[in-house]
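First comes the structure, then the notes that go with it.
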Amino acid sequence: MRWQTDMNRPANGLKQGGINRNWRSGVGKLTDIDKIISSLAAVAEDPLGYARAWKDRTQGKVIGILPMNFPAELVRAAGALPLLIQEDDAAITYGRSLLFEFYCGYTRSLVDQAATGKFGGLDGLFLVDHCVALLGAVDAIRFELPDLPVYLAQYPASMDEPATPPMVRERLGGLWRKLEQVCETTITPEALRAAIAASNANRAMLRRIHDMRRAGQIALSGRQMQALVKSAMVMDAAEHGKALTALVALLEGQQAEPSNRVRLHLSGHFCHAPKPELLDMIESCGVTIVDDDLFTGTRFVATDIPEDGDPAEALARWYFDRNDNVPCSTRAQKSADWESYLAASIRRNGADGVIVLVAKFCEPHMLYYPELRKMFHANGIPHLLIETEHEGLPLEMVKTRVEALIEGIRQSGRTRETA
Amino acid sequence: METLVQTDQARPVFGNGLKANKLKATKFGGKLVSEYWESVFRAKEEGKKVVWYNGTYIPPFFHSHDLVWVHGEAWSAMLAARHKEIGAQGRSDQRGYDRELCSYARTHIGQMLIELDKVKSGHHAMAADDPRVETMLKLPAPDMIVNAYPYCSSGQQWDDITYRTFGKKIPMFTIQIPLLWGGRPDAGYMQGEEWEERSRYVAEQLFALTKFLEENTGRKYDYDRLGETMSFVKKAAELRLEAMDMCTVHPSPASFFDWIVSIAPVNFLPGDQNLVTYFEGVKAEIAERVKTGEGAVPKERHRLFFDGMMNWNKVGWLADKFAQVDACVVAGRYTHMSFWQEPQLIDLKDPILGMAQNYLICPNNHGAPIMIGEIEKVCDKFDIDGVVCHASRTCRGMTNAQFQIAGSAKKYGRQAMFFEGDVADESFYKDELLNVRLEAMVEAMDAKKRAA
Ligand code: SF4
Ligand code: SF4
């Protein structure tokens with residue numbers, strides 16, 4: 001049986017800009033779920049504010065880290081807070097005189113945050129680079145904030161070569177030493193093992209939530225899902241783990257319900273978050289986002305760090321495992337294809353189509369998008385490319401394109417009823 | 001001066017209407033480049049294996065093993081310089097490549113797709129006046145792919161796309177050329193622990209490259225031959241640097257644009273006597289000009305440094321543009337800080353380590369503080385009044401750090417300006433903006449000189 005289209009129902013019961021009024025939950029559960037997610041969303045919206053408060057509370061060091069290959073566990077093992085720097089919402093002002101307008105919004109936002117004094121609370125900025133634009137941004141930050149320790153560990157982007165693993169190990173060793181110096185402590189293997197275990201546990205809970213979403217068991221909105229992952233990127237692991245434990249317990253009690261909404265997979269944006277308003281808009285077109293390969297989603301939670309053996313070696317292994325698991329177009333690996341991964345995900349999650357979110361001027365994404373497109377055509381997968389910008393998008397205009405995609409899917413009879 | 005020529009009537013009049021006084025000796029380079037491409041096109045007929053590569057100047061490894069090599073960037077630059085890039089870029093648009101993507105990569109990939117189209121459909125499927133027919137008749141498909149791209153991640157990914165486009169069937173070897181970030185206390189230009197470690201790391205991979213070539217040709221690698229090839233390259237590189245050094249005089253006998261057209265010989269042409277002959281010719285002409293006081297710009301009043309990747313569609317146009325405001329672009333990051341820049345590091349009996357080191361010091365492979373320090377040294381040496389940054393729209397590899405470069409220039413009392421363009425996509429070039437900014441910069445330099 002196919003369900004009637006109900007375009008009047010708000011996307012997942014979502015109020016624009018607000019949190020999900022979870023229409024499947026009982027009243028008591030709804031309040032508790034919302035409460036937990038709201039508190040995590042508040043942190044996700046103001047990570048630098050959270051870090052300031054954490055620092056005041058603990059007197060610990062805060063280390064800014066950049067996506068997406070940096071092992072935050074090493075910072076945690078040094079007793080500091082790893083704060084994965086997010087794109088912020090402020091208009092780019094001083095940043096315009098540090099990077100050209102033909103750089104992606106994330107890098108321009110980074111340099112703008114540096115130039116407008118927002119990194120004042122950081123004790124260091126560390127990264128494992130992933131693209132040429134990021135290197136430009138970090139050099140600009142070095143000049144802008146000469147007193148901030150900035151440390152780059154460049155991992156080779158080509159994953160297959162025999163010369164790559166030794167270099168990754170060597171770079172990790174450098175990170176380890178530099179972090180000890182900046183954090184004025186010794187990082188012990190035991191502390192690193194504990195940090196890895198804590199991160200893995202949190203990732204497992206986030207993965208569980210993603211699985212529940214895929215199965216249609218829960219109806220968290222894209223905005224809410226993003227808040228869960230973004231908060232993981234910036235919060236103290238124990239604090240985040242506590243919130244997740246409570247949340248998962250509440251979500252486990254939910255039941256799958258039939259839905260006739262179009263099921264979409266969101267792809268792309270592999271180093272920073274798409275704007276939540278965009279996710280709201282997509283969902284408001286009668287869409288359920290069932291899965292993704294976004295950095296602020298599956299890509300971030302998919303891969304655990306091995307817990308057995310030498311923890312330093314485990315961090316090196318993680319770099320390779322992540323690209324095996326969810327290939328990223330910032331890396332070059334002969335044996336891994338983003339497009340094959342995506343095709344397999346869509347088979348598994350039963351998505352009716354894909355929206356690809358590409359950050360404007362994102363060089364690695366522009367290079368690989370045609371590979372995805374070929375796969376979409378070969379498999380008859382309806383898809384839409386949306387180019388995102390720091391300055392935001394004319395949402396009403398983009399909405400007509402999303403609606404056209406949805407209409408096409410419905411008319412083709414491709415939608416799959418779920419239960 | 002005998003070389004003054006009236007402005008081409010087709011061009012809008014700008015400044016004094018004079019043209020750049022180009023070196024004549026570089027014409028020999030044009031001949032060498034044409035011969036090189038001809039030899040590439042004949043490769044399959046001659047039963048030679050073909051390597052496609054991108055990145056740094058590794059052809060001596062191929063040359064010494066009797067291979068034919070196609071440099072993707074050189075191919076794109078050549079198409080752009082001959083205004084033949086449009087067909088290739090159109091084909092890549094069709095495939096879904098965004099026009100904001102590196103136009104070198106787009107042009108090269110577009111041509112590759114045209115080649116594959118031909119294989120699938122036969123030459124006759126194209127109309128005789130299709131620009132693709134003329135530009136892309138004979139480029140041989142690769143038997144091997146080698147990537148050795150410093151600094152820019154797109155450089156590695158571009159070859160990954162090539163590998164995929166050929167169905168993942170062509171053997172591929174990637175050489176990692178790590179960035180010299182300069183984060184350690186002992187770091188500096190060609191010094192410190194990082195420099196030593198990275199040099200060895202790249203050298204080991206170059207050695208592994210020779211094994212890869214052996215495996216894919218079934219022939220033993222001849223290291224003596226590599227030494228011999230490098231003897232020509234080293235000699236040519238020394239001559240080039242000596243000739244560059246002669247340009248410290250006023251007026252400068254050669255300009256950045258002469259050095260731009262002299263890149264092919266040190267970048268990808270075969271390492272043989274022709275290279276040496278080429279730079280002997282260039283050096284002799286420069287020496288003659290020094291003697292007679294002849295400048296690369298008819299009336300040199302200001303001396304500039306060019307930062308950024310070349311705008312290959314506009315080499316002649318830009319050479320004239322600066323000449324028209326009596327400004328000689330004497331040096332540049334692309335020309336003066338790369339391409340066998342430190343030949344003394346190459347030991348001809350065992351050249352691999354020195355080759356690795358020359359690859360590492362590609363102009364943007366240093367973290368900005370060290371790179372900018374080196375730029376300032378070049379500017380001091382050539383008595384530079386102003387820095388012109390080419391904000392090449394789709395090449396972030398070369399636009400990174402340009403604001404810091406401009407800032408540093410100003411700090412040391414030089415003027416600085418930006419102009420918009422691109423490496424191989426002409427549509428990003430904005431002529432009128434360049435005119436206005438260049439005039440303003442010249443006025444400022446005039447005012448400063450008057451005040452002094
Ligand atoms: S991966 Fe893309 S979006 Fe991320 S920093 Fe690089 S260019 Fe920007
Ligand atoms: S962006 Fe520039 S440096 Fe990078 S691959 Fe393209 S031409 Fe080379």
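Residues of region B:383-403 whose accessible area (probe 1.4 Å, heavy atoms of protein chains only) drops by at least 50 Å² once all protein chains are present, relative to their chain alone: B:ARG393, B:ARG396, B:ASN400, B:PHE403.
Output the direction-averaged projected area (hull surface divided by four) of the convex hull of the alpha-carbon atoms of region B:302-365, in nm². About 5.3 nm², averaged over all directions.
Axis of helix A:363-379 versus longest Cα principal axis of chain A: the two differ by about 30°, to the nearest ten degrees. To put it simply, the accessible area of the protein assembly as shown at a 1.4 Å probe is 53 percent carbon and sulfur. For region B:8-451, the extents of the C-alpha atoms along the principal axes are 68, 54, 41 Å, listed from largest to smallest. Chains A and B together bury roughly 4500 Å² of accessible area, counting both sides, with a 1.4 Å probe on protein heavy atoms only.
Given axes a ≥ b ≥ c from the Cα gyration tensor, I'd like to know whether region A:88-221 is rounded (a/c under 1.5), prolate (a/b larger than b/c) or oblate. Oblate shape, in that a/c is at least 1.5 and b/c is the bigger or equal ratio. Between 0 and 90 degrees, the angle of helix A:47-58 with respect to the longest Cα principal axis of chain A falls at about 50 degrees. When every Cα-Cα distance of the protein assembly as shown is counted in 10 angstrom steps from zero, the calculated P(r) takes the values 2, 12, 21, 24, 19, 13, 6, 2, 0, 0 percent. The mean number of partner chain beta-carbon atoms within 10 angstrom of a residue's beta-carbon across peptide B:170-179 is 4. Pairs of C-alpha atoms in chain A farther apart than 37 Å represent 20 percent of all such pairs. Given a cut-off of 19 Å, name the pairs among B:LYS22/B:LYS299; A:LYS334/B:LYS220; A:LYS334/B:LYS169; A:LYS61/A:LYS242 whose C-alpha atoms lie farther apart than that in the structure shown. Beyond 19 Å between Cα atoms: A:LYS334/B:LYS220; A:LYS61/A:LYS242. Here B:GLU238 and B:GLU215 are evaluated by their C-beta separation; at R0 = 35 Å the FRET efficiency comes out at 0.55. Using the Cβ-Cβ distance between A:LYS242 and B:VAL13 with R0 = 56 Å, the FRET efficiency computed as 1/(1 + (r/R0)^6) comes to roughly 0.15. Contact with the other protein chains removes 50 Å² or more of accessible area, compared with the isolated chain and a 1.4 Å probe, from these residues of region A:79-121: A:PHE100, A:PHE102, A:TYR103. Sparse packing (at most 15 other Cβ atoms within 10 Å of the Cβ) combined with a DSSP loop state is found for the following trypsin sites (Lys or Arg not before Pro) in region B:374-433: B:LYS430.
Accessible-area loss of 50 Å² or more (1.4 Å probe, protein heavy atoms, chain alone versus all protein chains) is found in region B:62-104 for B:ARG95, B:LEU101.
Rounded if a/c is under 1.5, else prolate if a/b is larger than b/c, else oblate: which is region B:213-338, with a ≥ b ≥ c the root eigenvalues of its Cα gyration tensor? Note, shape of region B:213-338 comes out prolate. Averaged over peptide B:141-154, the number of partner chain Cβ atoms lying within 10 Å of each residue's Cβ comes to 3.
For chain B, averaging the sequence separation of C-alpha pairs within contact (under 8 Å, six or more residues apart) and dividing by the residue count gives a relative contact order of 20 percent. Solvent-accessible surface of the protein assembly as shown, averaged per residue with a 1.4 angstrom probe and all protein chains in place: 36 square angstrom.
Taking every DSSP helix (H) stretch of at least 4 residues in chain A, weighting each as -39,500 (n - 2.57) and dividing the sum by the residue count yields a mean residue ellipticity at 222 nm of -16000 deg cm²/dmol. Within region A:135-173, whose backbone N sits under 16 Å from a point 7 Å along Cα→Cβ of A:GLU313? Residues A:165-170, A:172-173 fall inside that zone.
With a 10 Å cut-off around each Cβ of A:134-142, the average count of Cβ atoms from other chains is 6.
Antiparallel beta bridges, as assigned by DSSP with both residues in region B:8-451, represent about 5 percent of the total such bridges. The GNM of chain A, with springs linking C-alpha atoms under 10 angstrom apart, assigns the highest mean-square fluctuation among A:ASP34, A:ASP46, A:ASP56 to A:ASP56. State whether region A:338-413 is rounded, prolate or oblate according to the following rule on the C-alpha gyration tensor (a ≥ b ≥ c being the square roots of its eigenvalues): a/c under 1.5 gives rounded; otherwise a/b larger than b/c gives prolate, and the remaining case gives oblate. Oblate, since a/c reaches 1.5 and b/c is not below a/b. Cα-Cα over 26 Å: which of B:LYS31/B:LYS235; B:LYS24/B:LYS430; B:LYS381/B:LYS410; B:LYS291/B:LYS381? Going by Cα-Cα distance, B:LYS24/B:LYS430 fall outside the 26 Å limit. Between 0 and 90 degrees, rounded to the nearest ten: what's the tilt of helix A:395-412 against the longest Cα principal axis of chain A? Around 50 degrees separate the two axes. Could you tell me how far the Cα centroid of region A:296-318 sits from the Cα centroid of region B:305-339, in Å? If you average the Cα positions of each part, the centres end up 48 Å apart. Computed per residue of chain B from DSSP H runs no shorter than four, each worth -39500 (n - 2.57), the mean residue ellipticity at 222 nm is -15500 deg cm²/dmol.
The values are calculated or read from the model by the stated rules, or taken from the named source; none is laboratory data. The shown structure was predicted, so the numbers you read here are calculated from the model rather than taken from an experiment. Positions of Cβ are backbone-derived with ideal geometry, glycine not excepted, and every protein chain shown enters the neighbour counts. When the accessible area is computed, the model is the full protein with side chains, heavy atoms only, and any ligands, DNA or RNA have been set aside. Shrake-Rupley method; radii C 1.70, N 1.55, O 1.52, S 1.80 Å.
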